[in-house]
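Here is the structure we will look at, set down as C-alpha cells.
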Amino acid sequence: LAIGGGTAVAVNFRETAPAAASATMFLGPDGQVDRSRATRSLLSTAVPGSVAGLALAQRCYGRLPLAQVMAPAIRLAAQGFPVSRELGDSLAAAAPRLQADPVSRSLFLPPPVPGTVLRQGELAASLRRIAAEGERGFYTGPVADALVGAMERGGGLITHGDLRAYRAQLVRPLRREFRGHPVLTMPPPGGGLTLLQLLGILEPFDLAATGLNSAASLHPMAEAMNLAYRDRNALLGDPDQVPVPVERLLSPAHLDRLRRRIDPQRHTPAPALEAAAATEGTNTTHLSVADRQGGLAALTTTLNFPYGNGISVPGMGFLLNNEMDDFTALPGSANAFGLRQGTANAIAPGKRPLSSMAPTLVFRPDGRPWLATGSPGGSRIITTILQVLLNRMVHGLNLAGAVAAPRIHSQLWPDRIDAEEGLSPDSRRLLEAMGHGVRQAPAMGAANSVEVLAGGGSLGTVDPRRAEGPAVAE
Ligand code: GLY
C-alpha cells in the first residue's frame with residue numbers, strides 16, 4: 001500500500017490456488033482436515049505472488065531500475081551476512097519442518113551459530129535472473145522448471161500454466177475516516193476491511209477516558225473484535241470469486257448494529273454470537289517507509305508460517321509458502337491460526353485465500369501523510385494494527401510507546417482473550433468478572449511503523465517484540 005505524488009494505491013499480490021485445487025483437497029478419508037497435508041506438504045503451496053507484486057510496484061512507481069533495486073539483496077545472498085541470534089533461534093525453532101526436506105536441510109541446517117556467515121549462492125542466482133528478466137525470470141525458464149519439477153515429483157499441484165497465469169493487481173485501497181483522520185488500508189482478500197470495521201465500531205467509545213489497557217477499554221475492544229471476526233469468518237473471501245458486501249459491512253447502519261450487540265457489562269460468548277449471525281443471512285514480514293517527497297509505503301508479505309512449509313525448490317535457493325492453509329479446508333474447522341472460516345473462503349481454482357495482512361496508511365485531517373503501519377502475525381495482524389492506531393490516535397502515546405504497549409487479541413473462536421505479558425492483574429480480574437476467558441499469550445505481531453513528523457522529517461519505530469512463530473497449531 002503506498003502513496004506517492006498524491007495518489008494512493010494497493011498492490012494485491014496474494015497467492016492463488018492452482019487450477020487443479022479443490023474445496024475438499026485437504027480432507028482425509030475420515031472427512032476431517034489432514035493438518036499435515038494442509039501445512040507441510042507441496043499441496044499447501046499456493047502460486048507465489050511476491051515476485052509479480054514487487055515487480056509490478058517497481059514498474060509502475062519505481063524511480064530506479066529493477067536491477068539496481070535488487071543489487072543489495074543479491075550481494076547479501078552471494079557474499080553472505082553474519083547470522084543474528086534471532087535468525088539462528090528462529091531456524092532452530094523451524095528445524096523439525098526444515099529437516100523433513102533434504103533441500104531445506106542442506107541450505108539451513110544445522111542452524112548456523114550466531115556470527116557465522118550465511119551465503120546463499122543458489123538464491124543469488126535466482127535473484128539475478130529476476131533482476132535481468134523481471135518476473136519472467138521467476139514464472140518461466142529454469143526457476144519455473146525447477147519449481148514445477150519439484151511439484152511433479154512431490155505430489156504438488158502447481159503447473160507451468162499456473163505460473164504463467166499469475167497476475168498481481170493494482171487495486172483501490174479501502175478508505176474510512178477515524179476521528180477526522182483518513183485511514184487507507186488493504187481491501188479483501190487482505191485484512192483491512194476488518195480493521196476498518198473495528199475502528200468504526202469503537203469510534204464512539206471514549207477509550208481515552210477509560211484508559212489504555214483498562215478492563216473498561218479492553219472489554220468493548222475484545223467484543224468488537226469478536227463481532228468483526230464473525231463477519232470475516234462468514235462473509236469474506238476473494239472478491240474476484242465470491243461477492244463480498246464491502247459497502248454494507250462498512251456502512252454506518254451495519255456498524256451501529258454491531259455496536260449495539262456489545263453488552264457493556266458482560267462478555268457475549270462465541271456460541272451466542274455465532275447463533276445470532278445465522279439469522280442475519282448471509283508471516284510474515286512488515287515494513288513501513290516514508291520518503292522526503294511525502295511518499296509513504298506499507299508492505300506486508302508472507303510465506304504463511306515462518307519458512308512456509310519448510311520445502312525448498314531444488315537448486316534455486318528459496319522456500320515455498322503454505323498459504324493454502326489460509327483457505328477454509330472444512331467449514332467450521334480451525335486452521336493454524338484457530339480461525340474457523342466459511343464457504344466464502346473455500347478453495348477454488350485461481351482463487352486467492354483470505355488474508356489478515358492489512359498494511360495501513362493514516363493521514364492528518366488536512367490530508368498530509370502521517371503514519372504507515374502493519375504487522376505480521378496471522379489472524380493477530382488486524383488487532384495488532386488496531387491497537388497501534390488506538391494507542392497513537394486515542395491514547396496519545398508516541399509511536400514507540402504505541403507499538404510497544406502490551407496487546408490483546410480476540411477472534412470469536414477460540415472464545416477467549418489472548419493477552420501479552422504486562423496486562424495488569426486488575427484489568428484481567430475485571431475482564432474475568434465480565435465473563436471473558438483471559439489467557440496469557442506469547443508476543444503478538446511486529447508492527448514496524450513510521451510517522452511523518454509535523455515539523456518535517458520522519459521517525460521510524462521497530463517493534464521490540466521477539467518475532468514469534470505465528471502458527472497457533474501446525
Ligand atoms: N498467512 C496469514 C495471512 O495472510 O493472514
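Using the Cα gyration tensor of the chain, with a ≥ b ≥ c the square roots of its eigenvalues, what is the shape: rounded (a/c below 1.5), prolate (a/b larger than b/c) or oblate (neither)? Prolate, since a/c reaches 1.5 and a/b exceeds b/c.
Rounded to the nearest 500, what is the chain's calculated 222 nm mean residue ellipticity when only DSSP H runs of at least 4 contribute -39500 (n - 2.57) each, over all residues? Mind showing how you got there, number by number?
Details: 19 runs with 176 residues, N = 474.
Helix contribution divided over all residues of the chain: -10500 deg cm²/dmol.
Given axes a ≥ b ≥ c from the Cα gyration tensor, I'd like to know whether segment 1-86 is rounded (a/c under 1.5), prolate (a/b larger than b/c) or oblate. Here segment 1-86 falls in the oblate category. Given their separation in residues at 0.36 nm each and the Cα-Cα distance between them, ARG439 and VAL462 gain 5.7 nm when the chain is fully extended. In a fully extended conformation the segment linking ARG119 and ASP30 would gain 27.6 nm over its present Cα-Cα distance, using 0.36 nm per residue. Sorting ASP206, ASP89 from the fewest to the most surrounding beta carbons within 10 angstrom yields ASP206, ASP89.
Scaled against 2.2 N^0.38 Å for its residue count N, the alpha carbon radius of gyration of segment 162-316 is 1.25. With the largest listed first and rounded to whole Å, the semi-axes of the equivalent ellipsoid of segment 126-196 from the Cα gyration tensor are 37, 16, 9.
Simple spin-label estimate for SER333 and ARG175 gives 4.3 nm between the two label positions (7 Å along the Cα-to-Cβ direction from each Cα). Dipole magnitude for the chain: about 660 debye, using +1 per Lys or Arg Cβ and -1 per Asp or Glu Cβ, origin at the Cα centre.
May I ask you to list the trypsin sites (Lys or Arg not before Pro) in segment 31-84 that are in a DSSP loop and have at most 14 other Cβ atoms within 10 Å of their Cβ? Here the trypsin sites (Lys or Arg not before Pro) that fit, given the DSSP loop and packing criteria, are ARG63. Dipole check for segment 147-213: with +1 at the C-beta of Lys and Arg, -1 at the C-beta of Asp and Glu, and the Cα centre as origin, the magnitude is about 260 Debye. For segment 392-446, the list of GluC sites (Glu not before Pro) that fall in a loop by DSSP and count at most 10 other C-beta atoms within 10 angstrom reads GLU421. Listed from fewest to most Cβ neighbours within 10 Å, the set TRP370, TRP413 follows the order TRP413, TRP370. The fewest-to-most ranking of VAL9, VAL183 by surrounding Cβ atoms within 10 Å reads VAL9, VAL183. Relative to the current alpha-carbon distance between HIS160 and LEU64, full extension at 0.36 nm per residue lengthens the span by 31.5 nm.
Coordinate-derived values only; no laboratory data. Given the structure is predicted, the values throughout are model-derived calculations rather than measurements. Every residue, glycine as well, gets a Cβ built from its backbone with ideal geometry; the counts of neighbours run over all protein chains shown.
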